[in-house]
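Enquirer: Got a structure for you, questions after.
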Amino acid sequence: MEARTRSRTCLVIVLAAGEGTRMYSARPKVLHAVAGRSLLTHVLDAVAKSGVTATAVVIGPGQDEVAAEAGRVLPGAAIFTQRERRGTAHAALAAKSAIERGADDILIVYGDTPLIRPATLSRLRAPLAGGAALAVLSFRPADPTGYGRLVMQGEELIAIREEADASASERAIALCNGGLMALAGNGALAILERIGDHNRKREFYLTDAVEIARGMKLRAVAVEVEEDDVRGINTKSQLAEAETVAQQRLRRAALDAGVTLIAPETVFLSSDTKFGRDVVVEPYVIFGGKVTVEDGAVIHSFSHLVGAHVGKGVSVGPFARLRPGTRLGEGSRIGNFVEVKEAVIEAGAKANHLSYIGDAFVGANANIGAGTITCNYDGADKHRTTIGKDAFIGSNSALVAPVEIGEGAYVGTGSVITENVPPDALALARGRQTIKEGWASRLRGLKSLGRKKAPVREQ
Ligand code: UD1
Ligand code: CA
């Protein structure tokens, strides 16, 4: 950030009161997610990192969830409610008392531009330190539909025309309004309070601030940025486009930090995914929120991870599902078609094939045979399974929780374990095998006599 900007105080007003009608969703628009976190969180995170002094968030009536989300991300943010949705300038004035408290710069940002970066916010403020009264971020979108158009005269910004009010020639302007505006603190309130609603939508447009500032002989400028920085989200298509950009950025950051992504475009990350050194991620892996992968771990193809901690040198997948509360200790192995939830798998333990391990503790170096299931749910409550270190669970066993398998114990293949197994014991809990000599050839003999449905009573 420029030194002159750094020394100035700044109030940021985040507008998040819109209903997001064009999303056709019951959820408030700013709570839709990109890269695993809400649009609002993306914006507030950028705001927090850009060195501002105070933050105000404007929400709609009854949008408690939006207020809660803002409070989680920025506990210091002041929340204001815009009682009626009468446009972006009207929304900014909902935070009037914060503006009155005074700041060198007032930054008004929209809660629906999740790709904004801290450095871009600083660039927007820079002209204020140079004497401009107003600055907006401009860009040249591939498809300008829905954006306000910037009317320029040389370097000077003359006006912003909303699409609904624009003439055919104004609509042909390629330079659009990114929606973020910086106002010099001393004139901000006077400008905002002069904005009227004389337009097609009968709304108080923040964009009218430009013409008003010029009428007051103040200077307005535009700072041009890449489309990706200011993409506004009004529709589900735009949400998907923003996701694409966010994923490209996350993959790039992971690669730059030394993670091996064999086919980066097939790996989906979350904003909070954390990787250690020398991690390898094979093609087609999805990281939901809150995943940490430590040094040297390998995530094989087609695995899906959410809320999991993957320790050093662990091998996951292919086709593994790690759900929240999974903690995999150093060198452990979770193989194909294994699902783990709310479970600690200690160092060196293995579940290599076809298992469900939920609400469990698996001690170091234990071996979970193929097809083992922890039966953690009795239809009403969840129960825990504890497997001691070095235990061996034979294939296709059902461990009916709550149950404890002692250290070094051995569970025979195909057992249904309903009682605790002492350390170092053998538990066998399955039907006994019976043999009927010659039974099969007798059956075939009956069939060849033309009896389609042989009565098979001995079973
Ligand atoms: C706005 C700009 C447009 C710009 C575009 C960039 C205006 C009048 N138009 O249009 O020039 O190109 O953003 O993405 O500003 N909001 C409220 N209260 C309201 C209305 C809106 O809080 O009464 C909030 C919304 O939650 C949203 C933001 O303000 O976060 C922008 O509103 P939106 O309706 O999306 O404006 P656009 O039509 O996209
Ligand atoms: Ca918008």
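FYI, it's all coordinate maths here, none of it is from the lab. A quick note: this is a predicted structure, and the numbers were derived from the prediction, not measured. We place every Cβ from the backbone using ideal geometry, glycine too, and count neighbours over all the protein chains shown.
Enquirer: Over its Cα atoms, what ratio of radius of gyration to 2.2 N^0.38 Å does segment 1-130 give?
Expert: In units of the globular-protein estimate, segment 1-130 measures up at 1.01.
Enquirer: Only helical DSSP H runs with n ≥ 4 go in: add -39500 (n - 2.57) per run for the chain, normalise by residue count and round the 222 nm mean residue ellipticity to 500 deg cm²/dmol.
Expert: Working: 12 runs with 104 residues, N = 459.
Value at 222 nm, helices only: -6500 deg cm²/dmol.
Enquirer: Please compute P(r) over all alpha-carbon pairs of segment 186-332, binned at 5 Å starting from zero, and give each bin as a whole-number percent.
Expert: Pairs per bin, as whole percents: 2, 9, 14, 16, 11, 8, 6, 6, 6, 7, 8, 5, 2, 0.
Enquirer: Provide the net charge surrounding T260, with neighbours chosen by a C-beta distance below 10 Å and charges set as Lys +1, Arg +1, Asp -1, Glu -1. List each step's numbers first, then the result.
Expert: Details: positive: none; negative: D278, E282.
For residues surrounding T260, the net value is -2.
Enquirer: Still on this model: Taking each pair of distinct Cα atoms in segment 1-69 once, what is the resulting Kirkwood hydrodynamic radius in Å? Intermediate values should be presented prior to the final figure.
Expert: Details: mean 1/r = 0.0751 Å⁻¹.
Across segment 1-69, the inverse of the average 1/r is 13.3 Å.
Enquirer: When the Debye formula is applied to the Cα atoms of segment 301-358, each taken as the same point scatterer, what base-10 log of I(q)/I(0) results at q = 0.18, 0.23, 0.30 Å⁻¹?
Expert: So the normalised log intensities are -0.45, -0.76, -1.37.
Enquirer: How big is the Cα convex hull of the chain in projection, averaged over all directions, in nm²?
Expert: Working: hull surface 127.6 nm².
For the chain, the mean projected area of the Cα convex hull comes to 31.9 nm².
Enquirer: Beyond 32 Å between alpha-carbons counts as too far, so tell me which of K49/K350; K29/K382; K96/K217; K290/K389; K29/K350; K312/K382 fall in that bin.
Expert: Numbers: K49/K350 42 Å; K29/K382 35 Å; K96/K217 23 Å; K290/K389 27 Å; K29/K350 43 Å; K312/K382 30 Å.
Beyond 32 Å between Cα atoms: K49/K350; K29/K382; K29/K350.
Enquirer: Given an 8 Å cut-off on Cα distances and at least 6 residues of separation, report the relative contact order of segment 291-391 as a percent.
Expert: Details: 329 pairs, mean separation 17.8, N = 101.
Relative contact order comes out at 18 percent.
Enquirer: Something else: Can you figure out the FRET efficiency of R249 with E193, using R₀ = 41 Å and their beta-carbon distance, to the nearest 0.05?
Expert: The calculated FRET efficiency here is 0.60.
Enquirer: Kirkwood hydrodynamic radius (Cα pairs, Å) of segment 402-441? Walk me through the numbers before you get to the answer.
Expert: Working: mean 1/r = 0.0845 Å⁻¹.
Final number for the Kirkwood radius of segment 402-441 is 11.8 Å.
Enquirer: Stokes-Einstein diffusion coefficient for segment 227-305 at 25 °C in a medium of 0.890 mPa s, Rh from the Kirkwood formula over Cα pairs: what value in µm²/s?
Expert: Details: Rh = 13.1 Å.
My calculation gives 187 µm²/s for D.
Enquirer: Suppose every K and R has +1 on its Cβ and every D and E has -1 on its Cβ; what is the size of the dipole of segment 323-403 about the Cα centre, in Debye to the nearest 20? List each step's numbers first, then the result.
Expert: Numbers: 8 positive and 8 negative charges, 28 e Å.
Dipole about the Cα centre, nearest 20: 140 debye.
Enquirer: So, one more: Report, for the chain, the % of DSSP beta bridges that are antiparallel, rounded to 5. Numbers along the way, then the final one.
Expert: Details: 18 of 95 bridges.
Once the DSSP bridges in the chain are tallied, antiparallel ones form about 20 percent.
Enquirer: Take peptides 134-141, 277-284, 103-110 and line them up by average Cβ neighbours within 10 Å, highest first, as a rough protection proxy.
Expert: Numbers: 134-141: 22.5, 277-284: 18.1, 103-110: 24.4.
Answer by packing, highest mean first, reads 103-110, 134-141, 277-284.
Enquirer: Which part of segment 169-202 falls in the paramagnetic zone of K217, meaning amide N under 16 Å from the point 7 Å along Cα-to-beta-carbon?
Expert: It comes to 187, nothing else.
Enquirer: What FRET efficiency would be calculated for the residue pair I158, T266, taking the C-beta separation as r and a Förster radius of 35 Å, to the nearest 0.05?
Expert: The formula returns an efficiency of 0.15 here.
Enquirer: At a threshold of 8 angstrom on Cα-Cα distance, excluding pairs fewer than six apart, so keeping six or more, what relative contact order does the chain reach in percent?
Expert: Details: 1162 pairs, mean separation 38.1, N = 459.
Value for the chain: 8 percent.
Enquirer: Output wanted: per-residue J couplings in Hz (rounded whole) for segment 418-435, from phi through Karplus 6.51 cos²θ - 1.76 cosθ + 1.60, θ = phi - 60°, x for Gly and Pro.
Expert: 10, 10, 4, 10, x, x, 6, 8, 10, 10, 10, 9, 7, x, 7, 7, 10, 10
Enquirer: Step through the residues of segment 336-348 one at a time and calculate ³J(HN,Hα) from phi using the Karplus curve (6.51 cos²θ - 1.76 cosθ + 1.60, θ = phi - 60°), rounding each to whole Hz and writing x for Gly and Pro.
Expert: 6, 6, 10, 10, 10, 9, 6, 9, 9, 10, 7, 3, x
Enquirer: May I ask for the distance between the Cα centers of segment 113-157 and segment 391-405, given as a whole number of Å?
Expert: If we compute the Cα centre of each part, the gap is 62 Å.
Enquirer: Would you mind counting up the charge near E339? Only other residues with Cβ under 9 Å from its Cβ, with Lys and Arg at +1 and Asp and Glu at -1. Numbers along the way, then the final one.
Expert: Working: positive: R321, R323, K341; negative: none.
Summing Lys/Arg as +1 and Asp/Glu as -1 gives +3.
Enquirer: Compute for segment 258-364: radius of gyration divided by Kirkwood radius, i.e. Rg/Rh, restricted to C-alpha atoms, rounded to two decimals. Intermediate results must be reported in sequence, preceding the final value.
Expert: Values: Rg = 12.0 Å, Rh = 13.0 Å.
Result for segment 258-364 is an Rg/Rh of 0.93.
Enquirer: What distance in nm separates the simple spin-label points at A119 and S237, each placed 7 Å from Cα in the Cβ direction?
Expert: Going by the 7 Å Cα→Cβ label model, 3.1 nm.
Enquirer: Under the classification rounded if a/c is under 1.5, otherwise prolate if a/b is larger than b/c and oblate if not, where does segment 318-413 fall, given a ≥ b ≥ c as square roots of the Cα gyration tensor eigenvalues?
Expert: Rounded shape, in that the Cα axes give a/c under 1.5.
Enquirer: At what distance in angstrom do the alpha carbon centres of segment 172-241 and segment 292-340 lie from each other?
Expert: Result: 47 Å between the Cα centres.
Enquirer: Of the options G185, F80, I286, report the single residue whose Cα projects farthest towards the positive end of the charge dipole of the chain (beta-carbon charges: Lys, Arg +1; Asp, Glu -1).
Expert: I286
Enquirer: Around G394, what is the net charge, scoring Lys/Arg as +1 and Asp/Glu as -1 over all other residues with Cβ under 15 Å from its Cβ? Walk me through the intermediate numbers first.
Expert: Numbers: positive: K350, R430; negative: D390.
Within the 15 Å Cβ shell, the charges total +1.
Enquirer: Another question about this same structure. In units of 2.2 N^0.38 Å, what is the alpha-carbon radius of gyration of segment 350-459? Each step should come with its number before you reach the end.
Expert: Details: Rg = 19.2 Å, N = 110, 2.2 N^0.38 = 13.1 Å.
Taking N as the residue count of segment 350-459, the ratio is 1.46.
Enquirer: In whole Hz, with x marking every Gly and Pro, tabulate ³J(HN,Hα) for segment 44-50 from phi via Karplus 6.51 cos²θ - 1.76 cosθ + 1.60, θ = phi - 60°.
Expert: Rounded to whole hertz, the list is 5, 5, 5, 4, 4, 7, 9.
Enquirer: I would also like to ask the following. If each of E2 and R101 carries a label point 7 Å out from its Cα toward its Cβ, how far apart are those two points in nm?
Expert: Placing both labels 7 Å beyond Cα along the Cβ direction yields 2.6 nm.
Enquirer: Which of I158, I173, I299, I195 comes first, and how do the rest follow, when ranked by fewest Cβ neighbours within 10 Å? Numbers along the way, then the final one.
Expert: Working: I158 14, I173 17, I299 27, I195 22.
Starting with the residue having the fewest Cβ neighbours, the order is I158, I173, I195, I299.
Enquirer: Give the lysines whose C-alpha is closer than 19 Å to that of K447, dropping any in the same chain fewer than 8 places away, or say none.
Expert: List returned: K436.
Enquirer: May I have the convex hull volume per residue, in Å³, for the Cα set of segment 89-238? Let's see the in-between values first.
Expert: Working: hull volume 17.3 nm³, N = 150.
Each residue corresponds to 115 Å³ of Cα convex hull volume.
Enquirer: How high is the relative contact order of segment 334-459, in percent, with contacts defined as C-alpha pairs under 8 Å that are six or more residues apart?
Expert: Details: 321 pairs, mean separation 18.8, N = 126.
The value is 15 percent.
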